[in-house]
Amino acid sequence: MKYMDVRTASSLWNLTERRITALCRDGRIEGAKKEGGIWFLPDNAEKPVDGRTNKFSRAVKKTDNLPLPIGVSNYKELVDSYYYVDKTLMIREFIDSRPKVSLFTRPRRFGKTLAMDMIKTFFERSENDNTAYFKDKKIWSCGEKYRSEQGKYPVISVTFKDIKYPTWEKSLEAIRDVIAAEYRRHIYLLDSEMCNEYDKKYFRSIVEGTVSEVGLASALRNLSGMLHVHYGKPTVIIIDEYDTPIQQGYMAEYYKQIISFMRNLLSGAFKDNQDLAFGFMTGILRVAKESIFSGLNNLAIHSILDEKYCEYFGFTADEVREMAEYYGVSNKYNDICEWYDGYHFGDIDIFNPWSVINYFYNRYFSKAYWLSTGDNSIIRQIVSEADDETADNLHKLMQGQMISSYVDTSVIYPEIKSNPTTIYSFLLAAGYLKVMKKDDLHDGNSICDLAIPNKEIFYVYEKEILSALSDVIPQSAAIAIQQAIMKQDVPKLQESLQNMLLNTISSFDYAHENFYHGLILGICAIMNNRYHVDSNRESGHGRYDIQLKPMNKKLPGIIIELKVLKKDVEEDSIESELKKSAQDALNQIERKQYAAAMKKEGITRFFKIGVSFYKKHVKLASISE
């Protein structure tokens, strides 16, 4: 009997290769057989009834579909049992250029750990034959040049993704455990006749946890030497999430210790290491300015701004469409785009893979899945410590506007506080911003127009701005004030503002005139699902304090003018003075025609509020029209 492969059947039957593979696995194609990890079908096989009315409708037999890989980062396990988006051509791209050391910087949960495990599985020389995990993948059809590299090298692979401890001592202990586990994976070296007793003694000190901090910094270099001697081949070294302990060190104030250790560890592994075949690293940031990669002139860096490897971390539009088709929900594609698309890596659009997979897993329910996968403490710190310019830019971003900034891909954590431009570089590298337009500079960096990627990340900003405000205002109070503004409930708004001032505001806060403006603006800034919020913009014959322009023109436009009594006021005169000041603020809105700009855009209904503050006292005057 003659046979055809899955690719040929795909062309004949107008089904995806993945769908045909699933049908073969489920025994729905008579005579199909699997050889060397590849499915073959009889030439005369008939296209099976696919259980769908058409390719855009939902599958009738849900059990036909492979499960989704929630939290699965082991390559072998994933391709054996789960739906896999084939990224194996990344291996071809590497082999074609073959840099000595490659660093890939991407946001968290964009497939870095899985990519490194795929590379480990492909290149590693082991007793088990790993060809079965690649024979039906794209890399295998690329030719003998690439197939011959499979299973050729000893591999060292460590991940620091879980090194998130509050002290340097605990972090060092955790790093020691990670490296010891990799040594135990190569425990056979203790019986190797090729390795000398000095190396074996060092090996035991790693496994037993008795090695010093200085000795531990040489661990990757020493293990690569033993593997080279044992196998007669140089070693591939993979370090996943190298900068996780560095970020933790910055947040927990042991930055200098972790930087010093990581510099020595990485230099030992990758600098002038004669036992190194090639190396891979992943992380969120390229921490270059600390000389952590000192002397690595053979380091190829691939950031989110670079075109090379841009499609191998995250999902492309075609991959998401294919996944939606496979699970029978192609009609959900626009919803997925709105929530999880928008990242721009190199020259293509990328979807957040973690969120897309969770969207399918949770029966196509849209929410911010990425928000709960990691620590947003850096963005929380940026929000809480933002100066006026940064706060203004954050408000612009939340209103769907772009900002322009110099982007330095070698940003380091300490600069986030001291250098405003690095804030946006970090937010971009970490996945909180996307590039809309890029102009490259001669120093290797860029001037970029930046925006919030999608609806999911908008909610991250909203949550963190609320979190930053919660140091001053309980979230319940902020929400009560928002609702009162939305409902034009003036008595409730008066009550909520007064309670907030009495119960949560320190006398040190209201000593600053800008405090009240920032307070109200911050509360309003997270109403962006219905309103565009801005402040101090020209309209009519002056500049309003705060404007809330409705996204839906059926809603009223809201203008808020603030006054602060600067002189000392007698206790029995406070209320009358505040009432007069609030009315003056309301009259100013009318006199200077602050509603003019919104009227030009077709908004016909308005809620105008004059607010006057004196220490912990507040009064409102308002009009609806």
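The values are calculated or read from the model by the stated rules, or taken from the named source; none is laboratory data. Source: prediction; values computed, not measured. Every residue, glycine as well, gets a Cβ built from its backbone with ideal geometry; the counts of neighbours run over all protein chains shown.
Going by the conditions given, is Y333 hydroxyl-bearing (S, T, Y), outside the structural domain of D440 (by TED's automatic domain parsing) and surrounded by 20 or more Cβ atoms within 10 Å (Cβ to Cβ)?
No, not satisfied.
Could you tell me whether the stretch 260-279 includes any residue that is among the aliphatic types (A, V, I, L, M), at pLDDT below 90 and more than 19 Å from the chain's Cα centre (by Cα)?
no
Taking K616 as the residue in question, decide whether it is in contact with a Leu (Cβ under 8 Å, 6 or more places away or on another chain) and under 18 Å from R530 (Cβ atoms).
Answer is no for this residue.
Which condition breaks for L220 when tested against (1) under 32 Å from the mean Cα position of the chain (by Cα); (2) part of a loop (DSSP other than H, G, I, E, B); (3) within 18 Å of A174 (Cβ to Cβ)?
With respect to (1) under 32 Å from the mean Cα position of the chain (by Cα); (2) part of a loop (DSSP other than H, G, I, E, B); (3) within 18 Å of A174 (Cβ to Cβ), L220 is out only on (2).
Can you confirm whether I175 is at pLDDT 95 or above, hydrophobic (A, V, I, L, M, F, W, C), within 28 Å of Q274 (Cβ to Cβ) and not assigned by TED's automatic domain parsing to the domain that holds L427?
Yes: the conditions hold for I175.
So which residues in the stretch 179-206 are among the hydrophobic types (A, V, I, L, M, F, W, C) and surrounded by 17 or more Cβ atoms within 10 Å (Cβ to Cβ)?
The answer is I179, A180, L189, C195, F203, I206.
Take the residues of the stretch 121-132 that are at pLDDT 95 or above and part of a helix (DSSP H, G or I): which is surrounded by the most Cβ atoms within 10 Å (Cβ to Cβ)?
So, considering only residues that are at pLDDT 95 or above and part of a helix (DSSP H, G or I), the one surrounded by the most Cβ atoms within 10 Å (Cβ to Cβ) is F122.
Yes/no per residue for (1) crowded, with 16+ Cβ neighbours inside 10 Å; (2) over 41 Å from the mean Cα position of the chain (by Cα); (3) within 28 Å of E462 (Cα to Cα); (4) modelled with pLDDT under 90:
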residue	(1), (2), (3), (4)
I523	yes, no, yes, yes
D534	yes, no, yes, yes
L548	yes, no, yes, yes
N552	no, no, yes, yes
E561	yes, no, yes, no
K579	no, yes, no, no
M598	yes, no, yes, no
F606	yes, no, yes, no
A621	yes, yes, no, no
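Matching residues to (1) in a loop (DSSP other than H, G, I, E, B); (2) at pLDDT below 85; (3) outside the structural domain of D117 (by TED's automatic domain parsing):
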site	(1), (2), (3)
T8	no, yes, yes
S11	no, yes, yes
R18	no, yes, yes
A22	no, yes, yes
G27	yes, yes, yes
K34	no, yes, yes
A59	yes, yes, yes
G71	yes, no, yes
E77	no, no, yes
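Consider I237 carefully, then state whether it is closer than 27 Å to H186 by Cα and among the aliphatic types (A, V, I, L, M).
Answer is yes for this residue.
Please find, among G111, G143, G151, the residue that is without any contact (Cβ under 8 Å) to a residue 12 or more places away in the chain and among the small types (G, A, S).
G143
Residue by residue through the stretch 88-120, note down the ones that are buried (at least 23 other Cβ atoms within 10 Å of the Cβ) and of a type in the set (D, E, K, R).
Residues satisfying the conditions are R106, K112.
Within the stretch 83-100, track down each residue that is in contact (Cβ under 8 Å) with a residue 40 or more places away in the chain, in a loop (DSSP other than H, G, I, E, B) and closer than 30 Å to F360 by Cα.
Result: Y83, V85, D86, K87, T88.
For the stretch 118-163, give me each residue that is out of contact with any strand residue (DSSP E or B) (no Cβ under 8 Å at 6 or more places or on another chain) and among the β-branched types (V, I, T).
Residues satisfying the conditions are T121, T131, I139, I163.
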